[in-house]
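Take a look at the structure below.
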Amino acid sequence: MKICISSNGNSINSDMDPRFGRSPYFIIAETENNEYEVIENAAAISGGGAGITSGQLMIDKGVTAVITGNMGPNAMDVLRAAQIDIYKGMQMSVEENIDKFSKGLLKKIDKT
């Protein structure tokens, strides 16, 4: 399963960023083999539409779940339309959030 975590930094040891569309980085992790990809979020500094752009990036990358703190309505609409699940992450490292997700300990976000 390919999941994305919004991140303050460019490694799995970085803290999860509570924002989705304006998160500086995304860590895309493959839970099957523990490999991950770091993506600098170009939309983070855009004037508008960061959530939509970030949501489309998740679709393009084949992500099946997103872990973040907060999700705006536009990003949520994009992800829902693509049937990508959204989970409320915890204020801890990306790696710890991946572990919590794998154990089923993160709550699904269904509304903004």
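Quick one: is ALA43 touching a residue at least 12 places away in the same chain (Cβ under 8 Å) and under 13 Å from the mean Cα position of the chain (by Cα)? No: the conditions fail for ALA43. For the range 38-51, a residue qualifies if it is modelled with pLDDT under 95, among the aliphatic types (A, V, I, L, M) and surrounded by fewer than 17 Cβ atoms within 10 Å (Cβ to Cβ), and the qualifying residues are ALA42, ILE45.
Of everything in the range 63-99 that is part of a helix (DSSP H, G or I) and either hydroxyl-bearing (Ser, Thr, Tyr) or open to solvent by less than 60 Å² (accessible area, probe 1.4 Å) (or both), the residue that is farthest from SER14 (Cα to Cα) is VAL78.
Is it the case that some residue within the range 18-36 is crowded, with 16+ Cβ neighbours inside 10 Å, of a type in the set (D, E, K, R), out of contact with any Asp or Glu (no Cβ under 9 Å at 6 or more places or on another chain) and in contact (Cβ under 8 Å) with a residue 12 or more places away in the chain? Looking through the range 18-36, at least one residue is crowded, with 16+ Cβ neighbours inside 10 Å, of a type in the set (D, E, K, R), out of contact with any Asp or Glu (no Cβ under 9 Å at 6 or more places or on another chain) and in contact (Cβ under 8 Å) with a residue 12 or more places away in the chain. Of the residues making up the range 1-56, those that are part of a loop (DSSP other than H, G, I, E, B) and aromatic (Phe, Trp, Tyr) number 1.
The values are calculated or read from the model by the stated rules, or taken from the named source; none is laboratory data. Keep in mind that this is a model prediction, so the values were computed, not measured. Heads up, the Cβs are rebuilt from the backbone with ideal geometry, glycines too, and the neighbour counts pull from every protein chain shown. Just the protein is used for accessible areas: all its heavy atoms, side chains included, with ligands, DNA and RNA removed. Shrake-Rupley method; radii C 1.70, N 1.55, O 1.52, S 1.80 Å.
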